[in-house]
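Quick notes on the structure that follows.
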Amino acid sequence: SPVESARVTALAQDGHAYPATTDPAGYYTRTLLPGAYTVTASAYGYLPATVAGVTVQTDTVSTQDFTLAGAPTHTVSGTITEVGTGAPLYAEVAFQGSPVAAWSDPATGSYQAVLAEGSYTMLVRAESHRSQSRAIVVDHNQVQDFQLEPLPCLLLVDDDQNNPDVRPYYTSALDI
């Protein structure tokens, strides 16, 4: 099956990289100067494949096909709770570097996501709470728990330079 949005990078001997991205049919193209290249294809959920010594000649089309093997997957799970109270939170758990995201159960705070092996930055966000991020390496099933700190309550007042003067309205609200 074609792999859409795979990244194909031709690395020249001088160290310069020439990237391309596959279309829905798995096709890519890249104009290169004549020479020898090391070409790597990679995509989320697959193990990368590399071919060294790909030769590009003047006025000739060079073809390099790849077959990508599926990467092993593992489960990342855990709970998301509030600091201090231990109350479960409804939160989004995103894994930067992948298309995977999960939502925690608001009743228990638990979440679960299946990811391809690799390194990711987890980003956990819940309404009215300070976000947290954590770097992880997914090479086995693992538990990642988070405790999010509630954001402080703030009162923002813009009195428009006292025209009209609304100070009595917000000061009376603060005095209650």
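The values are calculated or read from the model by the stated rules, or taken from the named source; none is laboratory data. The shown structure was predicted, so the numbers you read here are calculated from the model rather than taken from an experiment. Cβ: placed from backbone, ideal geometry, glycine included. Neighbour counts: every protein chain shown. When the accessible area is computed, the model is the full protein with side chains, heavy atoms only, and any ligands, DNA or RNA have been set aside. Shrake-Rupley method; radii C 1.70, N 1.55, O 1.52, S 1.80 Å.
Side notes on the structure shown:
- Y37 meets the conditions (1) more than 30 Å from V124 (Cα to Cα); (2) open to solvent by 40 Å² or more (accessible area, probe 1.4 Å) in every case but one. The failed one is (2).
- Check on R167, of a type in the set (D, E, K, R) and closer than 30 Å to G45 by Cβ: no
- Some residue of the stretch 78-88 being open to solvent by 90 Å² or more (accessible area, probe 1.4 Å) and within 30 Å of T21 (Cα to Cα): no
- Residue in the stretch 50-58 that is under 27 Å from the mean Cα position of the chain (by Cα), buried (at least 16 other Cβ atoms within 10 Å of the Cβ) and within 15 Å of R7 (Cβ to Cβ) present: no
- G53 vs. criteria small (G, A, S) and either under 30 Å from P152 (Cα atoms) or without any contact (Cβ under 8 Å) to a residue 40 or more places away in the chain (or both): yes
- Residue count for the stretch 9-31 satisfying the condition of being buried (at least 16 other Cβ atoms within 10 Å of the Cβ) and in contact (Cβ under 8 Å) with a residue 24 or more places away in the chain: 4.
- All positions within the stretch 22-48 that are within 19 Å of G70 (Cα to Cα), in contact with a Ser or Thr (Cβ under 6 Å, 6 or more places away or on another chain) and in a strand (DSSP E or B): T40
- Pick from the stretch 93-103, criterion in contact with a Leu (Cβ under 8 Å, 6 or more places away or on another chain) and more than 18 Å from N141 (Cβ to Cβ), ranking: most open to solvent (accessible area, probe 1.4 Å): Q96
- The requirement of being β-branched (V, I, T) and under 30 Å from D145 (Cα atoms) is fulfilled nowhere in the stretch 20-41; no residue meets it.
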